[in-house]
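The values are calculated or read from the model by the stated rules, or taken from the named source; none is laboratory data. Computed from a prediction, not measured in an experiment: that's the story for all the values here. Virtual Cβ from ideal backbone geometry, glycine too; neighbours counted across all protein chains shown.
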Amino acid sequence: MDVRHATMADVPALNAMIAASARALSTGYYTPAQIDALVTHVFGVDSQLIADGTYYVIDAPNGEPAAAGGWSARRTLYGGDQMAGHAMGDDRLDPATEPARIRAFFVHPRFARQGLARHLYSACAGAAQAAGFRALELMATLPGEPLYRALGFAEVERIEAMLPGGVVVALVRMTRALAAGVS
């Protein structure tokens, strides 16, 4: 399956895939109320990534998205378009002193654990490195944390994000250096 750049025409299908991914793959890590709050208030496409050309899709054989993920040279660490205050202060990062962001990785449950997220990560890390970044940072969900650890990310801190309705969810901020020629 090939990696391609996401387009604005992909957004409805991507948001549907993201919701399916979150609902199926977050079970056992978050409560149903936490999953609902994340899908409603946090998870979703960040259209700025599409505009920047840094959000990627892997299509399933039927043409629907099997996986998506991206990277960013902007300050926002996580959250889709629906996240309150998301676009505020989203200036560009300095590749010489700040890490690029790994953002919005989701895999449809039918394609989970088949290497698609690793394939997306490789494309993102390579593009970030080509843009001059020497490190990466992300905010992992609990179901995503094992993948990111396997990719060489280390925990910086665990946080509890307060979502609308008083729902609290645990997230993990992680970083990783990009070695010369290695992603």
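Some notes on this structure:
- Considering Ala154, Ala112, the condition of being touching a residue at least 24 places away in the same chain (Cβ under 8 Å), surrounded by fewer than 18 Cβ atoms within 10 Å (Cβ to Cβ) and out of contact with any His (no Cβ under 8 Å at 6 or more places or on another chain) is satisfied by Ala112 alone.
- Once the stretch 1-19 is narrowed to residues that are outside any helix (DSSP H, G or I) and at pLDDT 95 or above, the residue that is nearest to Ile58 (Cα to Cα) is Val3.
- For the stretch 47-60, taking the residues that are touching a strand residue (DSSP E or B) at 6+ places or on another chain (Cβ under 7 Å) and polar (S, T, N, Q), the one that is surrounded by the most Cβ atoms within 10 Å (Cβ to Cβ) is identified as Thr54.
- From Gly44, Gly70, residue being at positive phi and either part of a helix (DSSP H, G or I) or surrounded by 15 or more Cβ atoms within 10 Å (Cβ to Cβ) (or both): Gly44
- Yes/no for Ala22 being more than 23 Å from Arg118 (Cβ to Cβ) and part of a helix (DSSP H, G or I): no
- Between Arg118, Arg113, Arg149, the distinction of being part of a helix (DSSP H, G or I) and under 20 Å from Ala24 (Cβ atoms) belongs to Arg118 only.
- Selection status of Ala104, of a type in the set (A, V, I, L, M), modelled with pLDDT under 95, closer than 21 Å to Asp52 by Cβ and under 17 Å from the mean Cα position of the chain (by Cα): yes
- Some residue of the stretch 88-100 being modelled with pLDDT of 95 or more, closer than 21 Å to Val172 by Cα, part of a strand (DSSP E or B) and of a type outside the set (Asp, Glu): yes
- Considered as a group, the residues in the stretch 1-13 that are touching a residue at least 60 places away in the same chain (Cβ under 8 Å) and within 16 Å of the chain's Cα centre (by Cα) include one that is farthest from Ala67 (Cα to Cα), and that residue is Ala6.
- Of the residues making up the stretch 16-27, those that are closer than 13 Å to Thr141 by Cβ and either surrounded by 19 or more Cβ atoms within 10 Å (Cβ to Cβ) or without any contact (Cβ under 8 Å) to a residue 12 or more places away in the chain (or both) are Ile18, Ser21, Ala22, Leu25, Ser26, Thr27.
- Test for Ile35: is it surrounded by 13 or more Cβ atoms within 10 Å (Cβ to Cβ), modelled with pLDDT of 95 or more, farther than 20 Å from Leu120 by Cβ and of a type outside the set (S, T, N, Q): yes
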